[in-house]
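Below you'll find the structure, written out as structure tokens, and then a few comments.
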Amino acid sequence: MNSGMKKSIVTLVAVAVVALAIVIVGPVLYRVITSEGVRTGGVDTENVQPATTDRNGTWEVARSGAGTSTSVGYTFDELLPGSSRTTSGSTHDVTGTFEIADDTLQSGSIVVDMETLKSDDMKRDNNVRDTIFTTEAYPEAKFEVAEETDLSHVPDDGTAVTVEVPGRMTIRGVTNDVVVPMLVMRHGDHVLMSGTYEFNRLDYNVRTPDFVAASVDENGELNLRIVLRKVEAE
């Protein structure tokens, strides 16, 4: 066997070994270097205090209060051959107000700064902003109350109850009618709310990002934890 043929065989064997290593080790290495991100959790339903103010009035989104903070984020599954990983990101840059009269939610909205969504991975954050939510063109997501909602059953002793809020959700410039189930409790002079809105990103024309090692599931979650503080009448 001449030297040229020997070199070709060695090269083919080397390529095969590298390819096999990529197939075997690639997904494992991806799972190791890619973390699960920062998910927006719920509210603490144990250490609550009785309400110190009534339900009616103007309530605004506060960055923090009553021992917790406002946070809105996303959760998606990253799909790998034969496995998957759930990843999340969030932001505290949330604004909004709600109007309550006669123990009924009359109107209100929440606006989320999508450009400040962060996880614990800068590459993921850049992809989420640039590819998934296209935040340069659509910097905000918004939830707007669509119908009056009875709040008279929300107790003043801090007990959490579920309230279904009909509204209009706008993501990436597309608006859909939704009903978001929120866990609501009154805590001192604050109202705490948390909930999960499950959605198909194609309903909001969210692009399908494709990675070398993974793709993102069509179905995801918008995770909400909202702190409301009553605006004192002047």
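Every number here is computed from the coordinates shown, using simple stated rules; none is lab data. For clarity, every value in this text was computed on a predicted model and none was experimentally measured. Here the Cβ is made from the backbone with ideal geometry for all residues, glycine too, and neighbour counts use every protein chain on show.
Descriptive notes on the structure:
- Under 5 Å, built H, 5+ apart or other chain: amide partners of residue 120: 37, 38
- Efficiency of FRET from Cβ geometry, residue 125 and residue 64, R₀ 30 Å, rounded to 0.05: 0.85
- For the range 149-161, backbone phi angles converted through the Karplus equation (6.51, -1.76, 1.60; θ = phi - 60°) give residue-by-residue couplings of 10, 5, 10, 5, 8, 7, x, 9, 9, x, 5, 8, 10 Hz, Gly and Pro being listed as x.
- Shown in residue order for the range 128-139 are the 3J(HN,Hα) couplings computed by the Karplus curve 6.51 cos²θ - 1.76 cosθ + 1.60 at θ = phi - 60°: 4, 6, 7, 9, 7, 9, 6, 6, 5, 8, 10, x Hz (x for Gly and Pro).
- The 3J(HN,Hα) values that the Karplus relation (6.51, -1.76, 1.60; θ = phi - 60°) gives for the range 50-64 are, in residue order, x, 5, 10, 8, 7, 6, 7, x, 9, 10, 10, 5, 9, 5, 7 Hz. Gly and Pro appear as x.
- Cα pair distances exceeding 21 angstrom across the range 80-202, given as percent: 48
- Under 5 Å from the amide H of residue 190 lie the amide H atoms of 52, each residue being 5 or more positions distant or on a separate chain, with H modelled from the backbone and absent for Pro and chain starts.
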